[in-house]
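Student: I have a structure here, written as C-alpha cells, and I will follow up with some questions on it.
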Amino acid sequence: MNFWQQHQSDNIGKILLDENTIQQRVSELAKEITEDYVRMGADELVTVGILRGSVLFLSDLIRRIELPVDLDFMAVSSYGGSTTSSGEVRIMKDLSHRIQGRHVLIVEDIVDTGRTLQFLKNLLGTRQPASLKICTLLDKPSRRLVDMEADYVGFEVPDEFVVGYGLDFDDAWRQLPYIGVLKPEAYGK
Ligand code: PRP
C-alpha cells in the first residue's frame, strides 16, 4: 500500500457509493435534465455550481448535458470548520452573469439542513430567471430543518459523515472518486 492508500484505509470506514455507481447515476441525471429542459423549450441553461463541494459532480454532469451550458458559480459560507451547520449563510462570491429570463439550474453536492439552498433559491428567484431548479448529488433528508426539496437528486444518504467526490472534512478528501464514510476517530467524535 502506498501512502495515499494507507491514508484512506486509516480514515475511511466504508465506501458508501463507488465510482461506477456515481458515474452511472450522473449520466442518468444528465439525460433526465436534458430531456426536461428540451421539453421546457430551453435553448441553453445556466448551471450555478455552489463552491466548492459541487465542482466534481458539476464537471461530470455538464459534460453529459446535451444543451449549451453557461457555467457559473457562487460561493456561500455555512459550515465553517465544524461538522454542524451554524445556520448562517453569507455570500462570498456572487454570479458572474445575469440570469434574468434564463433557465437556471443550481448544482449542489449535498442538501443537509436545506438552509443554503433555501437562501440561494430565494435570492436567485428575485432576479427573475425563466426557471429555477435544483440538482443535488446527495440528499440527507433526516437532517432537514427547513422545507426544501431538490428537483433532481442523485442519491439519498443516511446521517453519516460522508466525504469524497467534492465533499470535504476540514478541506480534505474532496478528490476521492468515490463517496466514503469517515471513521468517527477521523473527525474527533
Ligand atoms: C455544504 C454543501 C452545501 C451545504 C449544505 O457546503 O456543499 O452547500 O453545506 O448544507 P445545508 O443544507 O445544511 O445548508 P460547505 O459550506 O461545507 O462548503 P463547501 O461546499 O466548500 O464544502
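Conditions tested, residue by residue: (1) over 18 Å from V153 (Cα atoms); (2) exposed (fewer than 12 other Cβ atoms within 10 Å of the Cβ).
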{"site": "S9", "(1), (2)": "yes, yes"}
{"site": "D18", "(1), (2)": "no, no"}
{"site": "T34", "(1), (2)": "no, no"}
{"site": "R64", "(1), (2)": "no, no"}
{"site": "D70", "(1), (2)": "yes, no"}
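Student: If I filter region 117-174 down to residues being assigned to a loop (DSSP other than H, G, I, E, B) and at positive phi, which single residue comes out as farthest from the ligand (Cβ to nearest atom)?
Tutor: In this case the residue turns out to be Q128.
Student: So D109 ticks every box in (1) away from the ligand (no atom under 12 Å from the Cβ); (2) acidic (D, E); (3) open to solvent by less than 40 Å² (accessible area, probe 1.4 Å) but one. Which box is left unticked?
Tutor: (1)
Student: Here is a further query. List the pairs whose first member sits in region 162-176 and is more than 17 Å from V107 (Cβ to Cβ) and open to solvent by 20 Å² or more (accessible area, probe 1.4 Å), whose second member is assigned to a loop (DSSP other than H, G, I, E, B) and more than 8 Å from the ligand (Cβ to nearest atom), and whose Cβ atoms are under 7 Å apart, counting only residues at least 6 apart or on separate chains?
Tutor: F169/F161; D170/G81
Student: Of (1) part of a strand (DSSP E or B); (2) within 15 Å of the ligand (Cβ to nearest atom); (3) surrounded by 17 or more Cβ atoms within 10 Å (Cβ to Cβ), V46 satisfies all except one. Which?
Tutor: (2)
Student: Within region 22-43, how many residues are in a loop (DSSP other than H, G, I, E, B) and either aliphatic (A, V, I, L, M) or touching a His at 6+ places or on another chain (Cβ under 7 Å) (or both)?
Tutor: Adding up the residues that qualify gives 2.
Student: Among the residues that make up region 89-103, is at least one of them buried (at least 17 other Cβ atoms within 10 Å of the Cβ), within 8 Å of the ligand (Cβ to nearest atom) and either modelled with pLDDT of 95 or more or within 19 Å of L61 (Cβ to Cβ) (or both)?
Tutor: Within region 89-103, none of the residues are buried (at least 17 other Cβ atoms within 10 Å of the Cβ), within 8 Å of the ligand (Cβ to nearest atom) and either modelled with pLDDT of 95 or more or within 19 Å of L61 (Cβ to Cβ) (or both).
Student: Same structure, new question: Hey, any hits in region 139-161 for a residue that's of a type in the set (S, T, N, Q) and closer than 30 Å to A42 by Cβ?
Tutor: no
Student: K14 fails exactly one of the following numbered conditions: (1) surrounded by fewer than 13 Cβ atoms within 10 Å (Cβ to Cβ); (2) closer than 22 Å to D94 by Cβ. What is the number of that condition?
Tutor: (2) is the only condition that K14 fails.
The values are calculated or read from the model by the stated rules, or taken from the named source; none is laboratory data. Remember, predicted model here, so these are calculated numbers, not experimental data. All Cβ positions, glycine included, derive from the backbone under ideal geometry; neighbour counts span all protein chains shown. These area figures cover heavy atoms from the full protein model, side chains too; ligands, DNA and RNA do not enter into them. Shrake-Rupley method; radii C 1.70, N 1.55, O 1.52, S 1.80 Å.
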